[in-house]
Amino acid sequence: MQVFITGVSKGLGKALATEFLKLGNEVIGIGRSHSFTDKNFRFISCDLENLEHVNKLDFGKLSSSVLFVNNAGIIGEIERISEQTSSDIQSVLNANTLAPMLLCQKILKAFAPTEGLSILNISSGAGKRAIPSWASYCASKAALDIFSETIYLEEKERGRNVRIYALSPGVIDTEMQNKIRSKKTSSFSSSEAFKELKTSGELVQPELIAQKIIQLLKEAYSGEVIYSLKK
Ligand SMILES: NC(=O)c1ccc[n+]([C@@H]2O[C@H](COP(=O)([O-])OP(=O)(O)OC[C@H]3O[C@@H](n4cnc5c(N)ncnc54)[C@H](OP(=O)(O)O)[C@@H]3O)[C@@H](O)[C@H]2O)c1
């Protein structure tokens with residue numbers, strides 16, 4: 001299988017790429033940097049906050065079994081929206097929503113067969129639950145959820161059997177959580193709750209989440225687009 005993954009330098013994306021390579025897949029990482037040396041790994045350099053870069057990507061014609069993972073994401077500035085600049089808002093929406101939407105569009109156009117394409121958009125529980133100081137992040141993931149549901153229905157209308165998920169992975173022990181814990185309560189009211197997740201051992205290692213995702217992809221697809229790994 002050809003597996004495209006955005007954001008493979010660290011965190012969940014790196015763990016997913018590692019697990020898919022172990023299983024003998026061809027992995028194509030897309031992002032700003034990586035540390036892979038495996039012969040089955042290829043890298044496409046792209047800053048996903050820059051939509052001109054994203055628009056230039058060309059996947060040609062894809063005909064074998066393909067999984068496309070929109071993993072790269074940013075939490076952005078953890079501040080109330082009244083304290084943010086317009087470019088803070090724009091960066092989050094570009095990286096978390098517009099880039100994945102454009103990449104989904106490109107991959108749906110590039111993949112011709114009616115079977116064999118899976119799209120995994122990494123969403124978040126924050127797309128279903130408002131968290132003060134994360135307004136852009138929450139909105140970016142909520143938009144990704146409804147976008148994923150809509151394109152699933154569109155592909156069905158076209159007679160194509162595309163497996164699509166907007167998957168909430170649960171809380172993962174990555175740099176994103178380090179950044180969240182570094183904020184003071186004065187600008188982020190849930191700060192203590194997120195520190196507690198770390199001290200009580202509730203953050204899951206990215207390798208375990210990657211393995212759970214691979215297991216999910218082996219199972220029959222129910223058409224449940226909005227999916228939480230926590231259930
Ligand atoms: N961690 C959690 O608890 C949690 C919970 C729910 C959902 N998620 C979601 O899971 C996904 C992975 O998050 P993570 O926790 O693994 O985060 P992470 O450790 O911060 O890694 C994020 C990845 O995205 C890449 N990325 C960020 N901005 C980019 C850009 N402009 N262009 C290209 N690549 C970019 C980063 O690459 P660089 O090294 O170039 O920055 C990195 O590889 C995200 O979509 C996140 O929203 C995470």
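General observations
- Separation of the alpha carbons by more than 18 angstrom is noted, of Lys14/Lys128; Lys106/Lys218; Lys10/Lys195; Lys22/Lys218, for Lys14/Lys128; Lys106/Lys218; Lys10/Lys195.
- Distance between region 75-113 and region 177-226 - C-alpha centres, whole angstrom: 20
- Taking the 1.4 Å solvent-accessible surface of the chain as the whole, the part contributed by carbon and sulfur is 51%.
- Per residue, the accessible area of the chain comes to 48 Å², computed with a 1.4 Å probe over protein heavy atoms only.
- Long-range tail of P(r) for region 169-226 (Cα pairs > 14 Å, %): 62
- Label-point separation in nm, Ala193 to Met1, each point 7 Å along Cα→Cβ: 3.4
- Remark: the chain carries a charge dipole of roughly 260 debye about the Cα centre, counting +1 on each Lys and Arg Cβ and -1 on each Asp and Glu Cβ.
- Taking all protein chains together, Glu83, Glu154 sort by accessible area into Glu83, Glu154, largest first [probe 1.4 Å].
- Relative contact order of the chain, defined on C-alpha pairs under 8 angstrom at six or more residues apart (%): 20
- Percentage relative contact order, region 81-187, counting C-alpha pairs under 8 Å, at least six apart: 31
- Among 3-16, 195-208, 28-41, the order from most to least packed when residues are scored by Cβ within 10 Å on average: 3-16, 28-41, 195-208
- Value of D in µm² per second that Stokes-Einstein yields for the chain, Kirkwood Rh from Cα pairs, at 37 °C (0.692 mPa s): 182
The values are calculated or read from the model by the stated rules, or taken from the named source; none is laboratory data. Remember, predicted model here, so these are calculated numbers, not experimental data. Using ideal geometry, Cβ is built from the backbone for each residue, glycine included, and neighbour counts are taken over all protein chains shown. Surface areas here come from the heavy atoms of the whole protein model, side chains and all, with no ligands, DNA or RNA. Shrake-Rupley method; radii C 1.70, N 1.55, O 1.52, S 1.80 Å.
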